[in-house]
Every structure is written in C-alpha cells, then in structure tokens.
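The values are calculated or read from the model by the stated rules, or taken from the named source; none is laboratory data. None of these values were measured; they are calculated from a predicted model. Cβ atoms come from the backbone with ideal geometry, glycine included; neighbour counts cover every protein chain shown. When the accessible area is computed, the model is the full protein with side chains, heavy atoms only, and any ligands, DNA or RNA have been set aside. Shrake-Rupley method; radii C 1.70, N 1.55, O 1.52, S 1.80 Å.
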Amino acid sequence: MDYPLNERIVNDDPNNPWNLASTYQVFENVTSLYSNLFILQTPDENTNMFTTFLTSLFATCLLLTGDTSSLSNWPYEKNPSLMILMILFTFIMTIYILNVFITLFGEAIKDGDSYLLRKAEHLAKIELFYLLPNQRRWKSWFPEIIHYYASVDKARKEIKQMIEKKEWNNNVLPELKRDLLNKLHIDEN
C-alpha cells in the first residue's frame, strides 16, 4: 500500500512511514522567566539501550560493527569516561580480532605441503578463470614448471612413499622425474 508523504495517515501498519518517523512533543518552559515553548523528541525503547542487560549486549554488538548510535545520547565532551571506554573498546577489539585472524591463518598453513599445494591450485584457478587467452601464454607470469625448495631427506621420504603407493607417474614430465630420482639416489623399482 502506498502512503502519501504530504498528508499524515495514522494506522496500525508497521510499514507506514508516518508510524516510523520520529515524533515530537511541544512543552511549555515553566522553569524560565520567559514562558517559551520548546519541542522535544518523544523517547522510545531505543533512546537508552543500556537500561536492560539484553539491549546493552545488542548495543555492544552494534559497536562491533561500527554503529555508535547507541552512545549518541551522551555528549562526549561532558563524558570523558565514555570517550576513554570507546577508545579502549576499539583498541582491544582490534587486537582481539587480529589475533583471531593470526590463529586461523596459522592453522591454515600448519601443514607446509598443503599450503604449497593450495598456492599452486590458486595460481591454476587464476590462470584458467581470470586471465585472457593471450595473458595465459605469458611464460613470465605462469611458467610451465614451478620450483620449490625442499629438504633432501623429506623429498626422498615422500618420493619413496609415492612409489610404494603407486602414485609416482613417470608419464608426466619424465625427464625431470628421472633427473630427480638420480639426484636423490632413489631406485625406481
């Protein structure tokens, strides 16, 4: 249902823009010598989100996303403790989130071999899906062979395991594999 914005319509529809707009009340200033009228916004449930425990948790979650509207009711100059708490909150949460990312990254690359394998897979995906055909042919960007440094003992152990499990395929790059076996002193049989 469309509502006109130039005339006020009040009903029970929660999507009515007239029900969503801020409401104000007119008060007479009786405390001053001059009896002037002033307008105040009517407080609602979101005026002070720190009145109950659950809404204060929600306000803290909003702070994590960068929404500081729950603190907008207090002027920062008159509340230095609020400024200090906001700065501390930002600083501590930044360090905490960075530590979480460092831990996740450390877990992801715990196994060095799988890290190198993932790196090669990502390079292949970039080459296949994100490059134009003429860019894929640039050998300076994507060579046919990528060299990795490895410990001789670990390489010898891994190759022997691959030969035992019949995973060592001599049909792919046979000259390089033969040369590697000779340098590592491994018998293919």
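What to note about this one:
- Dipole check for the chain: with +1 at the C-beta of Lys and Arg, -1 at the C-beta of Asp and Glu, and the Cα centre as origin, the magnitude is about 1300 Debye.
- Choice from Met86, Met162, Met49 showing the highest fluctuation, given a GNM over the chain with Cα pairs closer than 10 Å: Met162
- Using the Cβ-Cβ distance between Glu144 and Glu107 with R0 = 22 Å, the FRET efficiency computed as 1/(1 + (r/R0)^6) comes to roughly 0.10.
- At R0 = 35 Å, FRET efficiency that the Cβ-Cβ distance of Ile97 and Ala120 yields, to 0.05: 0.70
- Karplus-derived 3J(HN,Hα), 6.51/-1.76/1.60, for each residue of the range 139-145, Hz, glycine and proline x: 5, 6, 8, 10, x, 5, 10
- With each label modelled as a point 7 angstrom along the Cα→C-beta vector, the Val26-Ile163 pair spans 9.7 nm.
- Given the chain, longest segment not containing exposed loop trypsin sites (Lys or Arg not before Pro) (DSSP; at most 12 other Cβ within 10 Å): 9-77
- The range 87-189 - charge dipole about Cα centre, Lys and Arg +1 at Cβ, Asp and Glu -1, debye rounded to 20: 180
- Applying the criteria of a DSSP loop state and at most 16 other Cβ atoms within 10 Å to the chymotrypsin sites (Phe, Trp or Tyr not before Pro) of the range 57-91 yields Tyr76.
- In plain terms, the chain from Met86 to Arg137 could stretch by 13.0 nm, reckoned as 0.36 nm per residue minus the Cα-Cα distance.
- Asp12 accessible area, assembled protein chains, probe 1.4 Å, Å²: 150
- Computed lengthening from Lys154 to Lys78, 0.36 nm per intervening residue step minus Cα-Cα distance: 20.8 nm
- By the combined test of axial Cα extent (at least 30 Å) and Kyte-Doolittle hydropathy (mean at least -0.5), the qualifying DSSP H helices of the chain come to 80-108.
- With the charge dipole of the chain set up from +1 on Lys and Arg Cβ and -1 on Asp and Glu Cβ about the Cα centre, the Cα lying farthest toward the positive end among the listed residues Gln135, Asn19, Gly106 is that of Gln135.
- Rolling a 1.4 Å probe over the protein heavy atoms gives the chain an accessible area of 87 Å² per residue.
- Loop-located GluC sites (Glu not before Pro) across the range 75-154 with a Cβ neighbour count of 13 or fewer within 10 Å are Glu77, Glu144, with loop assigned by DSSP.
- Just the protein heavy atoms count here, and of the accessible area of the chain at 1.4 Å, carbon and sulfur take up 61 percent.
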